[in-house]
1. Based on the mean of other Cβ atoms within 10 Å per residue, sort peptides 182-190, 217-225, 197-205 so the most packed one is first.
2. Report, to the nearest whole %, how much of the accessible area of the stretch 196-339 belongs to carbon and sulfur atoms, 1.4 Å probe, protein only.
3. Relative to the compact-globule scaling 2.2 N^0.38 Å, provide the ratio for the alpha-carbon radius of gyration of the stretch 99-205.
4. Suppose we keep just the alpha-carbon trace of the stretch 164-358; what are its Rg and Dmax in angstrom?
5. Pairs Lys70/Lys183; Lys98/Lys200; Lys285/Lys307; Lys98/Lys208; Lys190/Lys285; Lys190/Lys341: which are spaced more than 29 Å apart, C-alpha to C-alpha?
6. Once both labels are modelled 7 Å past Cα along the beta-carbon direction, what's the Lys200-Asp236 spacing in nm?
7. Could you state how much accessible area His62 has, in square angstrom rounded to the nearest 10, with a 1.4 Å probe and all protein chains kept in place?
8. Which of the peptides 321-327, 78-84 is most tightly packed, and how do the rest follow, going by the mean number of other Cβ atoms within 10 Å of each residue?
Amino acid sequence: MTLKKKKMSWRSFVPSCGKNETLKGKKVVDKQTSFQRISLSDLSTSTLSEDLSISLAGSNLHVFTLAELKLITQNFSSSNFLGEGGFGPVHKGFIDDKLRPGLKAQPVAVKLLDLDGLQGHREWLTEVIFLGQLRHPHLVKLIGYCCEDEHRLLVYEYMPRGSLENQLFRRYSVSLPWKMRMKIALGAAKGLAFLHEAEKPVIYRDFKASNILLDSDYTAKLSDFGLAKDGPEGDDTHVSTRVMGTHGYAAPEYIMTGHLTAASDVYSFGVLLLELLTGRKSVDKNRPHREQNLADWARPLLKDPRKLSRTMDPRLEGQYSELGAHKAAALAYQCLSHRPKLRPTMSTVVKTLEPLEDLDDIPIGPFVYTVPTESVSHKEGEAEKESKKKNGHHHQNHPLHNSHRHWMKSPKSRNVYSESTAPHQNLRHGLNSPLHHI
Ligand SMILES: Nc1ncnc2c1ncn2[C@@H]1O[C@H](COP(=O)(O)OP(=O)(O)OP(=O)(O)O)[C@@H](O)[C@H]1O
Ligand SMILES: [Mg+2]
């Protein structure tokens with residue numbers, strides 16, 4: 001059943017900032033499926049303060065107080081620190097029915113908006129609106145939020161293995177085995193396919209390794225919906241937006257024109273697939289110039305089996321399915337097509353990836369751990385520090401700390417903001433966030 005859309009305020013969606021209760025409005029329907037998903041466009045800034053009657057039905061989001069979230073994270077103590085991105089720091093906590101009757105006992109990740117940061121209420125609200133309504137095994141579950149005075153927090157299910165970025169690129173860790181990589185690619189693809197094929201399609205827009213979180217069994221879940229957009233409606237072929245996203249993952253036509261389609265996400269997926277195959281980051285400033293942008297460098301090599309074997313992640317030690325690698329490389333090649341119409345849909349990507357996890361032509365060899373060279377590690381560390389400075393994780397005086405910003409993240413939490421109207425100028429490089437603590 002499609003309900004007539006109503007303009008509503010975020011307060012109606014977030015009806016009781018600061019009060020301890022679950023989102024269950026009095027006039028709400030029980031099943032989310034019988035309710036049209038609320039979009040950010042249903043909320044206009046002019047209606048922010050209006051008190052409208054509809055709230056999110058059946059979302060079961062918990063509205064936490066700041067005091068409760070301080071309690072469960074031991075006042076956001078460093079021992080509970082999980083990492084930090086563009087939104088702000090993330091801490092581990094634990095909730096149970098002692099905190100609030102009826103709460104399922106479970107570990108959670110609490111993301112706190114950095115009030116001096118580049119993101120703000122809008123990104124927080126986008127996250128609550130999308131993740132509060134979308135539920136899928138390959139999307140991270142939003143358990144609740146806090147909205148008290150200027151404080152904005154998000155409470156998620158805790159993902160024990162942290163982000164794919166940390167698992168894939170962390171320096172002193174065991175390399176992710178081939179099958180695990182294929183499982184992760186498939187899970188992430190299913191998450192994207194779900195978004196693209198929803199009754200009201202969603203373009204995720206920030207698909208990248210740091211936004212893929214991993215459960216204990218390496219089930220991949222998409223997180224961070226702060227940049228998500230509703231897909232085109234009716235006869236529209238695209239959504240026109242300011243260029244926002246992450247450098248190295250964003251589709252070239254989107255960067256050039258600001259025209260956003262589901263195919264832009266497919267391009268980003270192609271970049272991620274390349275990262276899984278090669279073990280290289282989407283952008284790596286420590287490499288020779290022509291190798292810095294992974295998609296530009298690797299795409300021409302994907303079709304040639306000999307060249308492909310040379311581009312495969314050395315940390316795999318050759319222990320991968322050759323057939324699987326060829327199929328995955330051919331898929332990445334298509335996803336990275338410069339003509340968006342030639343890219344496969346995410347459901348085709350899912351179908352192509354499904355059989356790859358089970359291919360068993362994997363040579364068995366001794367596991368050898370390769371320690372990265374000092375110079376690279378040192379350079380990486382310096383680059384991280386430098387780009388963190390530029391990126392403004394502590395960016396009090398950033399000129400774009402206002403509501404009308406254009407931004408492009410560079411490969412991780414590198415939120416790039418620009419007042420420029422030329423889309424391609426909204427790019428900036430960034431850094432890696434601190435390592436994930438398990
Ligand atoms: N639900 C979660 N469970 C466990 N760890 C999490 C969870 N959410 C985030 N993290 C960790 O917190 C860190 C910061 O995550 P966050 O999503 O804020 O930033 P990011 O993805 O690193 O950067 P960006 O701002 O570009 O999204 C990451 O290292 C991630 O591993
Ligand atoms: Mg993230």
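The values are calculated or read from the model by the stated rules, or taken from the named source; none is laboratory data. All figures in this text were calculated on a predicted structure; none of them were measured in a lab. Heads up, the Cβs are rebuilt from the backbone with ideal geometry, glycines too, and the neighbour counts pull from every protein chain shown. Only protein heavy atoms, including side chains, enter the accessible area calculation; ligands, DNA and RNA are left aside. Shrake-Rupley method; radii C 1.70, N 1.55, O 1.52, S 1.80 Å.
1. Values: 182-190: 24.4, 217-225: 21.7, 197-205: 18.2.
Result, highest mean Cβ count within 10 Å first: 182-190, 217-225, 197-205.
2. Details: 2690 of 5630 Å².
Ligands and nucleic acids excluded, carbon and sulfur reach 48 percent.
3. Numbers: Rg = 16.2 Å, N = 107, 2.2 N^0.38 = 13.0 Å.
Dividing the Cα radius of gyration by 2.2 N^0.38 Å gives 1.24.
4. For the stretch 164-358, the Cα radius of gyration and maximum Cα-Cα distance read 15.8, 50 Å.
5. On the way: Lys70/Lys183 36 Å; Lys98/Lys200 38 Å; Lys285/Lys307 22 Å; Lys98/Lys208 37 Å; Lys190/Lys285 31 Å; Lys190/Lys341 20 Å.
Beyond 29 Å: Lys70/Lys183; Lys98/Lys200; Lys98/Lys208; Lys190/Lys285.
6. Placing both labels 7 Å along Cα→Cβ, they lie 1.3 nm apart.
7. Roll a 1.4 Å probe over it and His62 shows about 30 Å².
8. Numbers: 321-327: 18.4, 78-84: 16.7.
Per-residue mean Cβ counts within 10 Å order the peptides as 321-327, 78-84.
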